[in-house]
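Structure provided below as structure tokens; questions to follow.
The values are calculated or read from the model by the stated rules, or taken from the named source; none is laboratory data. Computed from a predicted structure; not experimentally measured. Methodologically, a virtual Cβ is constructed for each residue, glycine included, from the backbone with ideal geometry; neighbour enumeration extends over all protein chains shown.
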């Protein structure tokens, strides 16, 4: 694009001076003149710029599937997945790849566990029928930070969360309380599924669960597939945020977690399970369909 500007606008100026000011190669300009760009080359250049902008917007996390979805659904640009893959490869742009997360489940062998009401079926037909819960930890130079989340399995949306410097029962109770305040789940109809961590088998958590009319559920001990939705969420969080920085203070990490969940993951990050919509948009589309079918 710079070469085109020099050729069309700077006709009365020395080529070498123009190239120097615009920080491009003079020899490259003459090579371009000998073999000018085709319309396809220009289309690829424009599309590459958009792809790079989308990748930057995604905080460097999007690979070609989500970039393609953003082009198609967000920008209204029609192009093939293979073309997006090629242009990303040529531009040196790539997504980040999942690594296994570090767990922090601490089981109380004497606690009373709930039955497994889910049986690895994480595909409810509507919101607030299945919530999944878990806790993760991450170090800072001041010590560890613990994050408890409650996810609605329908949209993979974080409906409740809590951050602390401890892993006592208050951590998971606060996350559950946020979900209850936000969603007002119908009594006796919402399953709240977790692992066998001591915080989830605690008296305080069980009392809050029963008080809200939620149906407690737990997978088998030591099997990540019995809480795969929460495991997947934490894998994404680890990959896109936690491992990207060295965290100096608990406050900075807590602030980053809040911003990542509420400003990025819930409202904007495209999720493959949600047909490449964000969790918030996926729920919005679902509600619109219900209204339309009732009209």
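Identify the residue in region 68-90 that is surrounded by 14 or more Cβ atoms within 10 Å (Cβ to Cβ) and more than 23 Å from the chain's Cα centre (by Cα) and, among all such residues, is nearest to residue 53 (Cα to Cα).
87
For region 184-200, how many residues are within 13 Å of residue 152 (Cα to Cα) and surrounded by 18 or more Cβ atoms within 10 Å (Cβ to Cβ)?
Qualifying residue count for the region: 6.
Grab the helices (runs of 4 or more DSSP H) fully contained in region 205-295, keeping just those with 2 or more residues being under 21 Å from the mean Cα position of the chain (by Cα) and farther than 17 Å from residue 147 by Cα.
Of the helices (runs of 4 or more DSSP H) lying wholly inside region 205-295, those with at least 2 residues that are under 21 Å from the mean Cα position of the chain (by Cα) and farther than 17 Å from residue 147 by Cα span 279-294.
Take residue 185 and decide whether it is free of Cβ contacts under 8 Å to residues at least 24 places away in the same chain, in a loop (DSSP other than H, G, I, E, B), out of contact with any strand residue (DSSP E or B) (no Cβ under 6 Å at 6 or more places or on another chain) and on the phi < 0 side of the Ramachandran plot.
It is false that residue 185 is free of Cβ contacts under 8 Å to residues at least 24 places away in the same chain, in a loop (DSSP other than H, G, I, E, B), out of contact with any strand residue (DSSP E or B) (no Cβ under 6 Å at 6 or more places or on another chain) and on the phi < 0 side of the Ramachandran plot.
Could I ask something else about it? Just checking, how many residues over region 201-230 are closer than 30 Å to residue 268 by Cβ and either exposed (fewer than 13 other Cβ atoms within 10 Å of the Cβ) or at pLDDT 90 or above (or both)?
Here the count works out to 5.
Looking at region 234-250 only, could you name the residues that are loosely packed, with under 13 Cβ neighbours inside 10 Å and either touching a strand residue (DSSP E or B) at 6+ places or on another chain (Cβ under 9 Å) or under 20 Å from residue 133 (Cα atoms) (or both)?
Selection gives 246, 248.
What helices (runs of 4 or more DSSP H) completely inside region 1-51 contain at least 2 residues that are at pLDDT below 75, exposed (fewer than 13 other Cβ atoms within 10 Å of the Cβ) and over 41 Å from the mean Cα position of the chain (by Cα)?
2-9, 26-34
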